[in-house]
Amino acid sequence: MPDVLQFKIHGMDCAEEVGILKRELRDLVGDESNLSFDILNSRMTLRNTGHLSAQQVIESVAKTGMTAELWAGPGPSERQAETRSWWRDARTVATVLSGSLVVVGFCAHAVLSGSLLTALSSEHAGAGGMTPVPLPVRVLYLLAVLAGAWYVLPKAWLSLRRLRPDMNLLMTVAVIGAVALGQWLEAATVSFLFALSLALESWSVGRARRAVEALMKIAPESVGVLESDGTIRETPSASVPVGTLFRVKPGERIGLDGTVVEGTSDVNQAPITGESLPITKEPGAAVFAGTINGNGVIDVRSTKSANDTTLAHVIRLVAESQGRRSPAEQWVNRFALIYTPTVFAVAILTALVPPLLFHQPWATWIYQSLVLLVIGCPCALVISTPVSIVAGLAAAARNGVLVKGGLALETPARLKAIAMDKTGTLTEGKPSVAKVVALNGHTEQELLERAGSLESSSQHPLARAICDYVSARGLQPGPVTEFTLIPGKGATARLDGRSFWLGSHRFLEERGQETPEVHSLLSELSGAGHSVVVIGNETHVCGFIALADRLRPGIPELLAATRALGVPHVVMLTGDNEGTARTIARQAGIEEVRAELLPADKVAAIEALVQQYESVAMIGDGVNDAPAMARASLGIAMGAIGSDAAIEAADVALMSDDLHQLPWLIGHSRRTLSIIRQNIFLSLAVKFVFVALTFAGHGSLWAAIAADMGVSLLVIFNALRLLQSKP
């Protein structure tokens, strides 16, 4: 028996259905942690299934009014099913049928009774003794009730059996009560409008689902694989093994993650990283599936399979993350657990107390109690938060920010401090030439040509940085002879018949060629955070090249924007030496620096910050940052360049190779929280108004359900505004 079972759940569109499934399957699966749900793809996963069979699960799900089938995978047919015509969706058909029968029934009633006014007024026959509803009209209204409640009744029955009242039971009791009182039109209208509100909720989740599926479609389904004879064969991306060489023509989308082997082109990475400008890709550069090639032809060697690309991870994590409930969602669900039984109790008291204690008409107050049940339905309240969270997650993914769940989406709005790693986060993460100093009559060009010649065969990062700089200047280093590498110190060689050497400050000292002037210059550069490579000959020092890890462009402005958003405290945590760290911090505008930290030291620093500021983010890109990111209130990884460990430990991955998305993330989080609060307030305010009207004797079933549906519609559209959020 497999250890993991996955099912496609038809009818699972919101957290309410997830709660129903958890309650029904709890006894079957044992620990609730064995269950996970992907609402966007209507997928349920069971882990540690042991003795369970798929048929047992399918039968248990059927008791909830939903249906389950074994998950077949999100292939093209799966995506096509999600975009099928409305008339192929049973729930939508039932809703349309219910609404049509309400209209036909009302028109038939108007024709049979002789006027529209009579059709409306006879609704009060049960209470006032007016003309009863004709039998054919009752049949039409009853069919409308059944069509509207077809997917609600099984859930209501399950709720009753488990003595856990929910909105499905509230609606069912209200409709049955209206039928018992002879309020046929109102019963049919309530049933239809409730079905319509559920259909709208399903549509809103579908809208967010399609926003995520749009990401899936940006990667082509095939790539042009380069054969050994130079021909190109179009091959499905899913069947291309790692290490395959494929060609990307100008204007094409790149099909797989890989490394450029040949060619140069500007690539538009906006679909993955959110960068607005194309990035030049040369041999050795990484490219991502779904990005768009510019005007050049590039040959790429795949580094990941189709289901393991950066794009695939984005899609998978967004789908999984919306199942992790945010604090707002948790509050709404706790509130609903108390709220729904309370509504039932108040409705019962409303039906019993006035007739028993004050001799009021039974029919009137039973009717008002039904109105309370309808307006008390927490539908709009329950859907207000998850729809906002799903829309917020989808919008973030479309803008190059991968957020792993509702909690991670809400946390940036509350940040009070941000801790940042230096190398690869604040800086570019690779050395580059910062300064060239020629001495003793040598020119800068001579110094660079000699350094390029001596470093041409080395793979050390400093050597590669010098060679790149020499190449960018258009210089042509000459050949060397008698090259000797001295590990940990430097190298010697003959160039143009003369002996030259290159190495560290220590190598210079060992050779005994250091002068006070040279020592002073080297100490000054080292103290400013530079790594210095000295070049000399047999008689003197020719000069030296200072290299440093450069600050990313725009970092001071970005940090100023972050502080302006109300996150005043920024601290650098780095394992680098104190001098280098303070130099970079000074350039970035960061006042607090903690340098020469081991991974455990970074964790301790984060713990201290959390105690002081409560809500703290840690931003990093390396394996050594992962423990600190996991300990912080919010871990943010540099997603495009960061290590797998850092990305897995993080709550948020910035898919661009810089931090420009950070202020947007904070603002987006605040917009999401604002919309959630608006939705909750609107949902509760409308209910309180109608409760007051009901106790004043002015409530009606159709008005109550219309108001509830209207609020549901408002909160859905308000939440979906987040999909338009852009940097």
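The values are calculated or read from the model by the stated rules, or taken from the named source; none is laboratory data. Small disclaimer: the values here were computed from a predicted structure and weren't measured. Cβ: placed from backbone, ideal geometry, glycine included. Neighbour counts: every protein chain shown.
Residue check: is Asp576 touching a residue at least 24 places away in the same chain (Cβ under 8 Å) and within 29 Å of the chain's Cα centre (by Cα)? Criteria not met by Asp576. When you scan segment 492-518, how many residues do you find that are at pLDDT below 85 and assigned to a strand (DSSP E or B)? Residues in segment 492-518 being at pLDDT below 85 and assigned to a strand (DSSP E or B): 0 in total.
With respect to being among the small types (Gly, Ala, Ser), surrounded by fewer than 16 Cβ atoms within 10 Å (Cβ to Cβ) and either more than 40 Å from the chain's Cα centre (by Cα) or not in a helix (DSSP H, G or I) (or both), Ser526 falls outside the description. For segment 537-569, the tally of residues that are closer than 30 Å to Arg671 by Cβ, assigned to a loop (DSSP other than H, G, I, E, B) and hydroxyl-bearing (Ser, Thr, Tyr) stands at 0. All told, Val534 meets the bar of being in a strand (DSSP E or B) and not acidic (Asp, Glu). Against the test of being within 24 Å of Leu654 (Cβ to Cβ) and charged (D, E, K, R), the options Glu578, Glu591, Glu596 yield a single qualifying residue, Glu591.
Checked against (1) assigned by TED's automatic domain parsing to the domain that holds Ile20; (2) modelled with pLDDT under 85; (3) surrounded by fewer than 20 Cβ atoms within 10 Å (Cβ to Cβ), Thr131 passes all but condition (1). Of all the numbered requirements in (1) in a strand (DSSP E or B); (2) over 18 Å from Leu659 (Cα atoms), Asp601 misses one, and that requirement is (1). Working only within segment 545-573, note down all residues that are free of Cβ contacts under 8 Å to residues at least 40 places away in the same chain, of a type in the set (A, V, I, L, M, F, W, C) and more than 14 Å from Met420 (Cα to Cα). Once the filter is applied, which keeps residues that are free of Cβ contacts under 8 Å to residues at least 40 places away in the same chain, of a type in the set (A, V, I, L, M, F, W, C) and more than 14 Å from Met420 (Cα to Cα), segment 545-573 yields Ala560, Ala564. Of everything listed in (1) more than 30 Å from Pro354 (Cα to Cα); (2) surrounded by fewer than 15 Cβ atoms within 10 Å (Cβ to Cβ), the single unmet condition for Ile676 is (2). Do the conditions hold for Lys422, that is, is it of a type in the set (Lys, Arg) and under 33 Å from the mean Cα position of the chain (by Cα)? Criteria met by Lys422. Just one residue in the set Ser531, Ser520 is among the hydroxyl-bearing types (Ser, Thr, Tyr) and either touching a helix residue (DSSP H, G or I) at 6+ places or on another chain (Cβ under 9 Å) or outside the structural domain of Lys435 (by TED's automatic domain parsing) (or both); that residue is Ser531. Kindly indicate whether any position in segment 171-192 is closer than 30 Å to Gly258 by Cα, of a type in the set (Gly, Ala, Ser) and at pLDDT 85 or above. Scanning segment 171-192, I find no residue that is closer than 30 Å to Gly258 by Cα, of a type in the set (Gly, Ala, Ser) and at pLDDT 85 or above, so the answer is no.
Scoring His359 on the criteria (1) buried (at least 19 other Cβ atoms within 10 Å of the Cβ); (2) free of Cβ contacts under 8 Å to residues at least 24 places away in the same chain leaves a single failure, condition (1). Just one of Leu25, Leu70, Leu101 is out of contact with any Asp or Glu (no Cβ under 7 Å at 6 or more places or on another chain), closer than 30 Å to Ala144 by Cα and at pLDDT 85 or above; which is it? The conditions single out Leu101. A single entry from Leu659, Leu720, Leu713 fulfils the requirement of being in a loop (DSSP other than H, G, I, E, B) and either without any contact (Cβ under 8 Å) to a residue 60 or more places away in the chain or in contact with a helix residue (DSSP H, G or I) (Cβ under 9 Å, 6 or more places away or on another chain) (or both): Leu659.
Among the residues of segment 486-500, the ones that are under 53 Å from the mean Cα position of the chain (by Cα) and closer than 16 Å to Leu447 by Cβ come to 2 in all.
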